[in-house]
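A.B. asks: Once you've had a glance at the structure underneath, I'll fire off some questions.
The values are calculated or read from the model by the stated rules, or taken from the named source; none is laboratory data. Computed from a prediction, not measured in an experiment: that's the story for all the values here. No Cβ is skipped: glycine too gets one built from the backbone with ideal geometry, and neighbour counts run over all protein chains shown. Accessible surface areas use protein heavy atoms only, side chains included; no ligands, DNA or RNA. Shrake-Rupley method; radii C 1.70, N 1.55, O 1.52, S 1.80 Å.
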Amino acid sequence: MKFKIDRGLLPIKIHFFFFFAALGPLLPQINVFGKQLGVSPAVMGLVTAVLPLLWAAAKPLFGYIVDYWPSRRKFVFMTLIFIMSGSYCCLWLLPMPEEPETAEPVLESVYQLNDTVYIKTYHNNTDAILEKYMCHWNCTTDETFQVYLTNSTYINTVYIDNKENISCSLLHMEFNDVREGETICIPKQDCNLLCYDEALIKDVQIFNRSKREVGSSKVNTVDVLEKDVDKIKRTDLVKSEIEGSFYMTCTFWGFVVLMCVGTVAFNVANCIGDAVCFDVLGSERGSKYGAQRAWGTAGYGVTALLGGWLIDVVSGSNRNKDFTPAFIVAIVATIVDLAACRKLNLPSLSSPDDSGKALRAVLRIPRVVVFIVFAVVVGIFDSFIIYYMFWFLEELAETTGSMEQIKLIEGVVVAAQSFIGELLFFFFSGRIIKRWGYGTTLTFCLFCYGVRLALISLIQHPWHLVFIESIMQGPTYALCYSAIVGYAAAVAPEGYSATVQGIVAGMDDGVGFALGSLIGGQLYSYAGGRGSFRIFAGMAIIASGAHALLFAAVTRNDGKEQKQPEVTIPEVEKMLPVGDSNAIYRDTVVPLDDKQKNGDR
């Protein structure tokens, strides 16, 4: 097969590449960026639930504006891209919280020492169950020392590692006596021995520590307990006040506003970009949409990987990540994208003159309504994956000690999604849909969502996600997205291409995303990462079966409708011809003939 590039399609290819290249280092990180600012999963769920409702209304509105004033399509399109990147990059100006300082751990228990204490050498075969601690006396500035203590409320023996010279001075205690070869020491009077689990010393963080306090017999244990219980209450109160006051700060509301504006602009620009692409291709080359959109996948994957790696390099071992490289990459990509959009050669289109009559007729067709309803269902699953997959991944990284590499891992995940899954399925989506039809394709995609969500819930290390996403992103997101936008292009009456794209996309990643974010945020807080992904997996499998049954029922009705009089509206008759039993899900585009198969890509 001879392969060549149509120069007339270069601007739309460049647009897709750099439009998504600007989003690659930012979009997957928006939620974890908010998490780093201090936003909780439940609050993030509420914020991201509002966002889709905004762009669900904005998409058809801007689509109608573009259709009504077709000569202004390019200007509106470029303005939305500028607003999108400008809003996202202004997040760069928000102040990040300071690194948490190591603080003295919260008291866990109070133990008593006898008036005299035996000091013995620690042996692994000792009958006592011992735990190793780092200790120091709270009434002196003496250095810390290591001891082994039993898990009991009364301590009369302390074990140490020193096997050659057992001395009370090692523990900063006074010598008392030696009995049967065992050293006896006197603890410091009116002084507490503060001991910390040695395993926690290297990475002790505020509000998440354990501590034991071993006091001498002359210390009032009740008083100590009362003081430390009060300390814990004050600590919890301060933590609650900090979290509560954060949601009243300019930082939080700046994040919300910029995220809302940027995300709405992105979704509207993406929707209009699909309509522009179909306008550039025309009806004869509409099947080439996937091949153009694949360039966006490539750009997204390149910058997601590059941005993740650069963030980790710049941040080093800091707990809070520095997102500066991501914003720089986004700015550069946006500049190139806007330059490419200026070169787009859009065909002349006329404004619709039927006052929306053909559009309303299409939206009343039952088989179109069924498709739109399940587009909402797909949006629910996409929303949960987009907003909470990396949240779950970062929690897993904290438990597996992978936080220093987490941004690199996330970048590799996105690159695997893009270069392995999406590229293949976007490129061959036209052939798959042509062979299977829209109904079978959507049923298959919903089933794959169930498999994908279930596999994510099983991972034990962040790197495991790379393999899952490289395989499952294609048959879920890429194939399903191609089916949705293709179907919208197929049913759109003349002059309403952007409007119908806005309506269908608004239901998919508008209403669907709102429901997914709201349900997902609350479910994640209640069931945790693994539990919520497993619940959504079950929902996807059920949705797949429900769609298969409805698809069969509607196509049977289509067979009966073939005997009815023809539809009187020319646009509907043209876009939804009654022919085969799969009328609900027509081919997205005109099938390729032999000449076109060997033509430009």
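A.B. asks: Looking at L424, L455, which is the one that is open to solvent by 20 Å² or more (accessible area, probe 1.4 Å), farther than 24 Å from F17 by Cα, touching a helix residue (DSSP H, G or I) at 6+ places or on another chain (Cβ under 9 Å) and in a helix (DSSP H, G or I)?
C.D. replies: The match here is L455.
A.B. asks: Could you identify the single residue in A275, A269 that is open to solvent by less than 10 Å² (accessible area, probe 1.4 Å) and more than 24 Å from the chain's Cα centre (by Cα)?
C.D. replies: A275
A.B. asks: Out of (1) charged (D, E, K, R); (2) out of contact with any helix residue (DSSP H, G or I) (no Cβ under 8 Å at 6 or more places or on another chain); (3) under 30 Å from F62 (Cβ atoms), what's the single condition that is false for R435?
C.D. replies: (3)
A.B. asks: Next question. Give the number of residues within the stretch 482-528 that are open to solvent by 20 Å² or more (accessible area, probe 1.4 Å) and closer than 25 Å to F427 by Cβ.
C.D. replies: Summing the residues that are open to solvent by 20 Å² or more (accessible area, probe 1.4 Å) and closer than 25 Å to F427 by Cβ in the stretch 482-528 gives 2.
A.B. asks: When you scan the stretch 315-328, do you find a residue that is without any contact (Cβ under 8 Å) to a residue 40 or more places away in the chain, within 25 Å of Q405 (Cα to Cα), of a type in the set (A, V, I, L, M) and in a helix (DSSP H, G or I), even just one?
C.D. replies: Yes; the residues of the stretch 315-328 include at least one that is without any contact (Cβ under 8 Å) to a residue 40 or more places away in the chain, within 25 Å of Q405 (Cα to Cα), of a type in the set (A, V, I, L, M) and in a helix (DSSP H, G or I).
A.B. asks: Now for a separate question. Does at least one position in the stretch 337-348 carry a residue that is open to solvent by less than 40 Å² (accessible area, probe 1.4 Å) and touching an Asp or Glu at 6+ places or on another chain (Cβ under 7 Å)?
C.D. replies: Yes: one or more hits.
A.B. asks: A further question on this structure: Let me confirm something: among V47, V39, V43, V32, which residue is within 21 Å of the chain's Cα centre (by Cα), among the β-branched types (V, I, T) and not in a helix (DSSP H, G or I)? Can you show your working first?
C.D. replies: Details: V47 fails: not in a helix (DSSP H, G or I); V43 fails: not in a helix (DSSP H, G or I); V32 fails: not in a helix (DSSP H, G or I).
Answer to the check: V39.
A.B. asks: Still on this structure, I have one more. Restricting to the stretch 458-476, name every residue that is hydrophobic (A, V, I, L, M, F, W, C) and either out of contact with any helix residue (DSSP H, G or I) (no Cβ under 9 Å at 6 or more places or on another chain) or in a helix (DSSP H, G or I) (or both).
C.D. replies: If the condition is that a residue be hydrophobic (A, V, I, L, M, F, W, C) and either out of contact with any helix residue (DSSP H, G or I) (no Cβ under 9 Å at 6 or more places or on another chain) or in a helix (DSSP H, G or I) (or both), then L458, L465, V466, F467, I468, I471, M472 are the ones that fit.
A.B. asks: For the stretch 509-530, how many residues are out of contact with any Phe, Trp or Tyr (no Cβ under 7 Å at 6 or more places or on another chain) and in contact (Cβ under 8 Å) with a residue 12 or more places away in the chain?
C.D. replies: Residues meeting the conditions: 13.
A.B. asks: L479: without any contact (Cβ under 8 Å) to a residue 24 or more places away in the chain, surrounded by 19 or more Cβ atoms within 10 Å (Cβ to Cβ) and in a helix (DSSP H, G or I), yes or no?
C.D. replies: no
A.B. asks: Residues of the stretch 438-479 being closer than 25 Å to K288 by Cβ, over 19 Å from the mean Cα position of the chain (by Cα) and among the hydrophobic types (A, V, I, L, M, F, W, C), which ones?
C.D. replies: Across the stretch 438-479, the qualifying residues are L442, F444, C445, L479.
A.B. asks: Against the definition (β-branched (V, I, T) and either touching a Lys or Arg at 6+ places or on another chain (Cβ under 8 Å) or surrounded by 22 or more Cβ atoms within 10 Å (Cβ to Cβ) (or both)), how does V412 come out, yes or no?
C.D. replies: The answer is yes for V412.
A.B. asks: Let me ask something additional. Go through the stretch 552-563 and report how many residues are modelled with pLDDT of 80 or more and closer than 19 Å to C480 by Cβ.
C.D. replies: 0
A.B. asks: Moving on. Which ones in the stretch 312-338 are more than 19 Å from the chain's Cα centre (by Cα), closer than 19 Å to V302 by Cα and either modelled with pLDDT under 85 or aromatic (F, W, Y) (or both)?
C.D. replies: none
A.B. asks: Write out, first by first residue and then by second, each pair whose Cβ atoms fall under 7 Å of each other, whose residues are 6+ apart or on separate chains, and whose first residue, in the stretch 366-379, is touching a residue at least 60 places away in the same chain (Cβ under 8 Å) and closer than 11 Å to I484 by Cβ while the second is of a type in the set (V, I, T) and in a helix (DSSP H, G or I).
C.D. replies: I372/V504; A375/I484; A375/V504; V376/V511; G379/V511
A.B. asks: Quick test for you: out of L26, L9, L53, pick the one residue that is over 30 Å from I406 (Cα atoms), open to solvent by less than 30 Å² (accessible area, probe 1.4 Å) and either modelled with pLDDT of 80 or more or out of contact with any Cys (no Cβ under 7 Å at 6 or more places or on another chain) (or both).
C.D. replies: Working: L26 fails: over 30 Å from I406 (Cα atoms); L53 fails: open to solvent by less than 30 Å² (accessible area, probe 1.4 Å).
One residue alone meets the criteria, L9.
A.B. asks: Check whether at least one residue in the stretch 529-537 is assigned to a helix (DSSP H, G or I), surrounded by 16 or more Cβ atoms within 10 Å (Cβ to Cβ) and modelled with pLDDT under 85, and report yes or no.
C.D. replies: no
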